[in-house]
Amino acid sequence: MATTLQVEAALDKSTGEPVPPRFTPAGKAFILTLGLRIFYSLFAAVTSPHLGLDPKLIQSNSLTSQLMNRESHPLLYALLGVWERFDTLWYIQISRHGYDLPKATVFYPLYPILIRAVSFLTHSELVAALLISTVASFFLFWGALRLFELDDPPVMAFRALLLWLAWPASFVFFAGYPDSLLCAFTIWALYFARSGRWLTAGTLGLLAGSTKALGCVTALPLLWMAWKRRDRRGILAVALCVAGVACFQGWLAIRHFPSIAQVYRTYWATTTVAPWTSVSDAIMSLAHGGNILLLLNAGIFAVIGTAALTGPVRFEYKLYAVAAMCLFLTKHTEPLLQSTTRYSLAVFAAYPALSARLGRGLPFAFVVFIAVALNLLLFQTFLDWKLAV
């Protein structure tokens, strides 16, 4: 019924000829990117004078000795200094000095390489980091619309994207983090794989794996699609998806850096465990009271996982979701499930599935409202150095 109505709405009433859409996917993506970039920048700037900025919280990060001073440069701090937070400092550190510290090796190289390259034009690593994330967000939004529209009408695809952008922690797409870059590479890799352009898909998978470890999981849906089509060209694409992570880990081994598990355990209070260990420990902690942050991370993770695995989405997307969630859960953090809300943004299958289940009208609007409220609350605590998303 919905498809029929949309086809009728897309026809000229006088001639019966199809009417071009008012905005293409690229046009919608551009408007969303520009609007959200302005919104988050204004929100951060307006919030800037009212941030508590507890020195004890700030100094818990080992790279904060050279942070921009709010009192000395209030305007510059409002525009840029508010984005100097947590992982952003590490990516800038790597862009300047390379992997001079074992602690830095948990961060993959493509984003800092791009920061270093773009900073020759911007003369600021922080500006470069924000610019890269913003451009990546445009390609992510554009790619998401193109990919979702392969299975759903444009209206449904757009609603799924809106839900994704409203979701808690989605502000990181515009922060100095590589999440938008990773998701953009992954989405476009899947899009080109579905179009049979395997070399392009594999190259994008390689770039995804060079951005974060999660990027190599792109190999699984590509392998499934290649097997279903009995297309041997997909094997090369799958190999390229794994190559990014393999090459980086191989380089670290050649340079005699500690293993990734040892680095996490020694420097990041994180151990590597079976996924069900993290789940059982989180359940036990919640049963004994837990805390609001654990409840939020566990609740959002459960909603995303349930939507992705039970919703009306393609099997290869569910395969990616399972692998991604298992990878997240192998990190046993202190506090438990730290950053899981941000990691859940990569489980892209959840958003069209959840949007379809909510339908139109009040349920969808209500969920978007709650998601936006939580997103802005997390953004506020992020700016105030109280939450490392």
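Quickly work out the residue 69-to-residue 236 label distance, labels modelled 7 Å from Cα along the C-beta direction, and quote it in nm with one decimal. Distance between label points: 5.7 nm.
In terms of overall dimensions, the C-alpha atoms belonging to the chain reach 67, 52, 49 Å along their principal axes, ordered largest to smallest. Measuring with a 1.4 angstrom probe and ignoring ligands and nucleic acids, residue 113 comes out at about 100 Å² accessible. If you find the alpha carbon centre of segment 288-316 and of segment 322-367, how far apart are they in angstrom? Answer, in whole Å: 5. Once the Cα atoms are used to define both axes, helix 125-148 deviates from the longest principal axis of the chain by about 20 degrees. Give the shape of segment 332-382 as rounded, prolate or oblate, defined through the alpha-carbon gyration tensor: a ≥ b ≥ c are the square roots of its eigenvalues, a/c under 1.5 means rounded, and otherwise the shape is prolate if a/b is larger than b/c and oblate if not. It comes out oblate by the Cα gyration axes.
Angle of helix 233-254 to the longest C-alpha principal axis of the chain, folded into 0 to 90 degrees and rounded to 10: 0°. Ellipticity at 222 nm from helices only: DSSP H runs of n ≥ 4 in the chain, each -39500 (n - 2.57), divided by the residue count, give -21000 deg cm²/dmol. Segment 140-194 and segment 67-122 have their alpha-carbon centroids 25 Å apart.
Tell me the Kirkwood hydrodynamic radius of segment 116-250 in angstroms, computed as one over the mean inverse distance between distinct C-alpha pairs.
About 15.5 Å, per the Kirkwood formula over Cα pairs.
Of the listed pairs 28/103; 56/331; 28/386; 56/103, which have alpha-carbon separations greater than 32 Å here?
Working: 28/103 40 Å; 56/331 26 Å; 28/386 34 Å; 56/103 21 Å.
With Cα atoms farther than 32 Å apart: 28/103; 28/386.
For segment 267-389, the carbon plus sulfur part of the accessible surface works out to 73%, probe radius 1.4 Å. Placing pseudo-labels 7 Å out from each Cα toward the beta carbon at residue 124 and residue 284 gives an inter-label distance of 4.8 nm.
Per 0.36 nm of contour for each residue apart, how much would the distance between residue 381 and residue 362 grow if the chain were fully extended, relative to their Cα-Cα spacing?
4.0 nm
Computed from Cα atoms, the angle from the helix 87-97 axis to the main principal axis of the chain rounds to 70 degrees.
Take the chain with all the other protein chains still there, run a 1.4 Å probe, and you get 47 Å² of accessible area per residue. So what's segment 303-373 giving for Rg/Rh, alpha carbon basis, Kirkwood Rh from the mean inverse pair distance? Radius of gyration over Kirkwood radius for segment 303-373 works out to 1.02.
In terms of packing, defined here as the mean over residues of other Cβ atoms within 10 angstrom, the peptides 284-291, 375-382, 121-128 line up highest first as 375-382, 121-128, 284-291.
Going by average Cβ density within 10 Å per residue, which order do the peptides 31-42, 136-147 take, highest to lowest?
136-147, 31-42
The values are calculated or read from the model by the stated rules, or taken from the named source; none is laboratory data. Treat the numbers as computed from the prediction; the structure is a model and nothing was measured. Methodologically, a virtual Cβ is constructed for each residue, glycine included, from the backbone with ideal geometry; neighbour enumeration extends over all protein chains shown. Side chains included, ligands, DNA and RNA excluded: accessible areas come from the protein's heavy atoms. Shrake-Rupley method; radii C 1.70, N 1.55, O 1.52, S 1.80 Å.
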